Amino acid sequence: MQAFTVVFVVVLLVTTATRLWLARRQVRHVLAHRGTVPAKFAEKISLASHQKAADYTAAKGSLNMAHLAVEAGLLLALTLGGGLNWLDQFWRDLLPEREILRGLALIVSVVGITTLIDLPFSWHRTFGIEGRFGFNRMTPKLFLIDLLKQALLGAVIGVPLVLATLWMMHALGERWWLWAWAAWMAFNIVMLAVYPTLIAPIFNKFTPLSNDELKARIERLLHRCGFEAKGLFVMDGSTRSSHGNAYFTGFGKTKRIVFFDTLLNSLNGSEIEAVLAHELGHFKRRHVIKRIALTFMMSFIFLFLLGYLMRQLWFFNGLGVELPSAAMALVLFALALPLFTFLLHPLSAMYSRKQEFEADRYAAENANAADLVSALVKLYKDNASTLTPDPLHSAFYDSHPPAAMRIARLQTEI
């Protein structure tokens, strides 16, 4: 057994065991605190709502543990189990003279297999867990239509991108990754610009905000914050889920503010203003630009690493692949990278939580902190978000601060 094979197996086992351990900790911790509402929320959240949130979190955690085990098994089957070798040989026999097209077929095959493996989990999450706790509004027909739309969109956008990358890997020498990075940056910037008007409407219906009083309140907030938006829109989120949210999307002149219809139905005008002020805080504190810059920096590093690894025979053989190729390097890199970057999760989550606190402070400065607290409590209740997450699980994964910590920080601004 090659040295890299041993490293891969050890990292896979340690990462999977750690993820399962963290998920189990979360379930046990939440259920252990199921019987009592935290004192800070006792007046606003009933015991029944708190217990619903605990049961909902536990159900999601149990499904996640099963999914983690299946993912690890699939990864072993594809790599050391010979699955990728079989797929590669199948397409080599079928397309012996068309290397780039053969590479595309290999990548599409792997994506198709992983999608099919994930499908039962997605179905159970939607119709089992979300349905059981009263959040799902999606019909099986709409679920399948969305799946088909995603597949078609992936083909229209993803296939040309993969073909361009494979061509660069074959035609541009050892520095191909630098050109691929430039193309990836351009692609992301274009997608930021076209997503609000061309892609998002494929899945949801967006209508201009019609509540004149709320519209006037929001426009005054935008004026105070110096934010220009293309428009205020309401998204029909209720066709799929009862969860609520608000966000701004787009880039440059295409920026628009979007409210889920479920959010508008659950919050009053001042609470909606406070929630939007928080979202604007991300923009005004340049969190969006910082995240884009971080994404570009990480993609630069990863593509550089891929450019090195695809020239190393031990990389392919160590992961059970007999015949190296550009497409196989892409597949192996995509499959193995999450294992080796797992320990970056806490750093990423910590950075995200820091930005959430900054956005909360901005909201308190430009709206009303008490209204944001009130809105958050309603959203925690309506979305069945646990008020008692396991601290270690939260530190590893949570992009938002725990409820008690976030509310306590906001109350100092009141």
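The values are calculated or read from the model by the stated rules, or taken from the named source; none is laboratory data. It should be emphasised that the depicted structure is a prediction, and the values quoted were computed from it without experimental measurement. For neighbour counting, all protein chains shown are included, and Cβ atoms are generated from backbone atoms with ideal geometry for every residue, glycine included.
The residues of the range 1-46 that are of a type outside the set (S, T, N, Q) and closer than 19 Å to residue 379 by Cβ, listed by number, are 30, 37, 38, 40, 41, 42, 43, 44, 45.
Scanning the range 361-373 for residues that are of a type in the set (Gly, Ala, Ser) and farther than 16 Å from residue 284 by Cα, which turns out surrounded by the most Cβ atoms within 10 Å (Cβ to Cβ)? The qualifying residue surrounded by the most Cβ atoms within 10 Å (Cβ to Cβ) is 369.
Quick check on my filter: what residues within the range 380-405 are among the hydrophobic types (A, V, I, L, M, F, W, C) and either in contact with a helix residue (DSSP H, G or I) (Cβ under 7 Å, 6 or more places away or on another chain) or surrounded by 20 or more Cβ atoms within 10 Å (Cβ to Cβ) (or both)? Before the answer, list the steps.
We begin by selecting, within the range 380-405, every residue among the hydrophobic types (A, V, I, L, M, F, W, C); these are 384, 387, 392, 395-396, 403-405.
Within the range 380-405, 384, 387, 392, 395, 396, 403, 404 qualify.
Of everything in the range 1-11 that's touching a residue at least 40 places away in the same chain (Cβ under 8 Å) and assigned to a helix (DSSP H, G or I), which residue is surrounded by the most Cβ atoms within 10 Å (Cβ to Cβ)? Step through it out loud before you land on a result.
Restricting attention to the range 1-11, the residues satisfying the condition of being touching a residue at least 40 places away in the same chain (Cβ under 8 Å) are 2-5, 7-9, 11.
Subset that is assigned to a helix (DSSP H, G or I): 3-5, 7-9, 11.
Details: 3: 9, 4: 16, 5: 16, 7: 12, 8: 23, 9: 15, 11: 14.
Applying the filter and picking the extreme gives 8.
Return yes when residue 75 is at pLDDT 95 or above, crowded, with 18+ Cβ neighbours inside 10 Å, closer than 26 Å to residue 120 by Cα and touching a His at 6+ places or on another chain (Cβ under 8 Å) and no when it is not. Judged against the criteria, residue 75 is not a match. Residues in the range 223-254 that are basic (Lys, Arg) and either in contact (Cβ under 8 Å) with a residue 40 or more places away in the chain or within 15 Å of residue 281 (Cα to Cα) (or both): 224, 240.
Considering every residue within the range 16-28, establish whether at least one is part of a helix (DSSP H, G or I), without any contact (Cβ under 8 Å) to a residue 60 or more places away in the chain, under 30 Å from residue 316 (Cα atoms) and of a type in the set (Val, Ile, Thr). Looking for residues that are part of a helix (DSSP H, G or I), without any contact (Cβ under 8 Å) to a residue 60 or more places away in the chain, under 30 Å from residue 316 (Cα atoms) and of a type in the set (Val, Ile, Thr), one finds at least one in the range 16-28, hence yes. Considering (1) closer than 30 Å to residue 205 by Cα; (2) of a type outside the set (Gly, Ala, Ser); (3) touching a Phe, Trp or Tyr at 6+ places or on another chain (Cβ under 6 Å), the lone condition that residue 67 does not fulfil carries the number (1). When 58, 54 are screened for being of a type in the set (A, V, I, L, M), surrounded by 16 or more Cβ atoms within 10 Å (Cβ to Cβ) and in contact (Cβ under 8 Å) with a residue 60 or more places away in the chain, only 54 passes.
Can you tell me which residue among 358, 271 is of a type in the set (Asp, Glu), over 30 Å from residue 107 (Cβ atoms) and surrounded by 18 or more Cβ atoms within 10 Å (Cβ to Cβ)? Show your work before the answer.
Details: 358 fails: surrounded by 18 or more Cβ atoms within 10 Å (Cβ to Cβ).
Testing whether each residue is of a type in the set (Asp, Glu), over 30 Å from residue 107 (Cβ atoms) and surrounded by 18 or more Cβ atoms within 10 Å (Cβ to Cβ) leaves just 271.
For the range 321-336, state whether one or more residues are within 30 Å of residue 105 (Cβ to Cβ), aromatic (Phe, Trp, Tyr) and either in contact with a helix residue (DSSP H, G or I) (Cβ under 8 Å, 6 or more places away or on another chain) or surrounded by fewer than 18 Cβ atoms within 10 Å (Cβ to Cβ) (or both).
Here is the first cut: in the range 321-336, the residues within 30 Å of residue 105 (Cβ to Cβ) are 321-336.
Next, from what is left, pick out any that are aromatic (Phe, Trp, Tyr): 333.
If we keep only those that are either in contact with a helix residue (DSSP H, G or I) (Cβ under 8 Å, 6 or more places away or on another chain) or surrounded by fewer than 18 Cβ atoms within 10 Å (Cβ to Cβ) (or both) as well, we get 333.
Among the residues of the range 321-336, at least one is within 30 Å of residue 105 (Cβ to Cβ), aromatic (Phe, Trp, Tyr) and either in contact with a helix residue (DSSP H, G or I) (Cβ under 8 Å, 6 or more places away or on another chain) or surrounded by fewer than 18 Cβ atoms within 10 Å (Cβ to Cβ) (or both), which makes the answer yes.
Contact map, the range 195-222: first residue touching a residue at least 60 places away in the same chain (Cβ under 8 Å), second residue not aliphatic (A, V, I, L, M), Cβ cut-off under 6 Å, separation 6 or more or different chains; pairs are 196/249; 196/250; 196/254; 196/256; 221/273.
Residue by residue through the range 12-33, note down the ones that are surrounded by fewer than 18 Cβ atoms within 10 Å (Cβ to Cβ) and within 15 Å of residue 384 (Cβ to Cβ). Answer for the range 12-33, where residues must be surrounded by fewer than 18 Cβ atoms within 10 Å (Cβ to Cβ) and within 15 Å of residue 384 (Cβ to Cβ): 31, 33.
Determine, yes or no, whether residue 42 is surrounded by fewer than 16 Cβ atoms within 10 Å (Cβ to Cβ) and touching a residue at least 12 places away in the same chain (Cβ under 8 Å). Give the steps one after another, and end with the answer.
Details: surrounded by fewer than 16 Cβ atoms within 10 Å (Cβ to Cβ): yes; touching a residue at least 12 places away in the same chain (Cβ under 8 Å): no.
Taking the combined requirement at face value, the residue does not satisfy it.
For the range 219-277, enumerate the residues that are in contact with a helix residue (DSSP H, G or I) (Cβ under 9 Å, 6 or more places away or on another chain) and acidic (Asp, Glu). Residues satisfying the conditions are 228, 236, 261, 271, 273.
With respect to the conditions (1) surrounded by 17 or more Cβ atoms within 10 Å (Cβ to Cβ); (2) of a type outside the set (Gly, Ala, Ser); (3) in contact with a helix residue (DSSP H, G or I) (Cβ under 6 Å, 6 or more places away or on another chain), residue 342 lacks only one, and its number is (1).
Hey, does the range 270-289 have a residue that's hydroxyl-bearing (Ser, Thr, Tyr) and closer than 29 Å to residue 383 by Cα? Quick ask: steps written out before the conclusion?
Taking the range 270-289 as the starting set, the residues that turn out to be hydroxyl-bearing (Ser, Thr, Tyr) are 270.
Next cut, closer than 29 Å to residue 383 by Cα only: 270.
Yes, there is a match, as at least one residue in the range 270-289 is hydroxyl-bearing (Ser, Thr, Tyr) and closer than 29 Å to residue 383 by Cα.
Can you tell me which residue within the range 215-261, out of those that are in a helix (DSSP H, G or I) and among the small types (Gly, Ala, Ser), is nearest to residue 131 (Cα to Cα)?
Taking the range 215-261 and keeping what is in a helix (DSSP H, G or I), we get 215-225, 237-239, 252-254, 261.
From what's left, among the small types (Gly, Ala, Ser): 216, 237-238, 252.
Numbers: 216: 36, 237: 15, 238: 13, 252: 38 Å.
Restricting to residues being in a helix (DSSP H, G or I) and among the small types (Gly, Ala, Ser), the top hit is 238.
Which condition breaks for residue 327 when tested against (1) more than 17 Å from the chain's Cα centre (by Cα); (2) farther than 30 Å from residue 88 by Cβ? Condition not satisfied by residue 327: (2).
On inspection, residue 212 passes the criterion of being of a type in the set (D, E, K, R), within 22 Å of residue 268 (Cβ to Cβ) and over 27 Å from the mean Cα position of the chain (by Cα).
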